[in-house]
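Below: the structure, in structure tokens.
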Amino acid sequence: MTGLQVAELNAWYGRAQILFQVDINVNEGEVVVLVGKNGAGKTTTLKAIMNLVQRTTGDRHFDGRSIAELRTSAIARLGLGYVPENRRIFGRLTVMENLYVGQQPRRPNAPLWTVERLFEIFPNLGRMRNRLGSEMSGGEQQMLTVARTLMGNPRLILLDEPSEGLAPVIVQQMAAAVREMKRDGLAILLSEQNLHFAKAVADRAYVIEKGHLRFQGTLDSLFAARATYLSV
């Protein structure tokens, strides 16, 4: 089975359980959004999929292969990319150098990402090829982090809060970039608080609250019921 299948995922930080029986599926070429407030468990879900949480239980399969016991590096080599919330670019490297750090060979049945193709999706980066990462704005750094992950030619990527803290014009550019990634055949699971951003890019949504999934369905049905699932 292609895509990502997560079943009965539980996760702990120390003795505190954060995730409870989380089930998520992302099909090939699909954009799925995990919606929730700060502290709901969105980031932990993505980290647990990548085995970046020390204690987890549950099944995680990527393209039909179990990844629950694999190291994070091995999961990445299978073609599952991860863009963390805190960006983690190399401030002393230029845009071009940051991109080449993430470069990996082409994968079967995965989109091929070249520097020039990425500059079509992120034209801001194309205008600052030799700029140091430390001299870029937060929005530019976010674009660079996504682009660097795509240089690994993944089949599916996990995007953690791609619109958080960005100016509205950059949010629009990021949404356009996500749609371009999907058109090129990339599957995406993203965590997000911005419902309007989610609706602009995603096919389906899950809502997580205090580590429990409360909803799954289309974005239209989520908007119709958002007072129930996302009320303050």
- Taking the range 1-21 as the region of interest, how many residues are within 17 Å of the chain's Cα centre (by Cα) and at pLDDT 95 or above? 3
- When you look at Asn51, is it assigned to a loop (DSSP other than H, G, I, E, B), within 20 Å of the chain's Cα centre (by Cα) and modelled with pLDDT of 95 or more, yes or no? yes
- Among residues belonging to the range 57-75 that are under 21 Å from Glu28 (Cα atoms) and touching a strand residue (DSSP E or B) at 6+ places or on another chain (Cβ under 6 Å), point out the one that is surrounded by the most Cβ atoms within 10 Å (Cβ to Cβ). Arg60
- Message: So Ser163 ticks every box in (1) of a type in the set (Ser, Thr, Tyr); (2) more than 22 Å from Leu4 (Cα to Cα); (3) free of Cβ contacts under 8 Å to residues at least 24 places away in the same chain but one. Which box is left unticked?
- Response: (3)
- Looking at Pro84, Pro111, which one is closer than 30 Å to Asp63 by Cα, surrounded by 14 or more Cβ atoms within 10 Å (Cβ to Cβ) and out of contact with any Gly (no Cβ under 9 Å at 6 or more places or on another chain)? Pro84
- So Leu93 fits all but one of (1) modelled with pLDDT of 95 or more; (2) closer than 15 Å to Leu159 by Cβ; what number is the exception? (2)
- Item | Subset of the range 155-179 (residues that are under 16 Å from Thr145 (Cα atoms) and charged (D, E, K, R)) | Asp160, Glu161, Glu164
- Message: Name the residue that is farthest from Gly165 (Cα to Cα), counting only residues in the range 74-92 that are touching a Phe, Trp or Tyr at 6+ places or on another chain (Cβ under 9 Å) and of a type in the set (A, V, I, L, M, F, W, C).
- Response: Leu78
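Every residue, every condition in (1) buried (at least 19 other Cβ atoms within 10 Å of the Cβ); (2) modelled with pLDDT of 95 or more; (3) among the basic types (Lys, Arg); (4) farther than 22 Å from Lys42 by Cα, yes or no:
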{"site": "Arg77", "(1), (2), (3), (4)": "no, no, yes, yes"}
{"site": "Leu80", "(1), (2), (3), (4)": "yes, yes, no, no"}
{"site": "Glu135", "(1), (2), (3), (4)": "no, yes, no, yes"}
{"site": "Met174", "(1), (2), (3), (4)": "yes, no, no, no"}
{"site": "Gly185", "(1), (2), (3), (4)": "no, no, no, yes"}
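The values are calculated or read from the model by the stated rules, or taken from the named source; none is laboratory data. From a predicted model like this one, the values you see are computed outputs, not experimental measurements. Every residue, glycine as well, gets a Cβ built from its backbone with ideal geometry; the counts of neighbours run over all protein chains shown.
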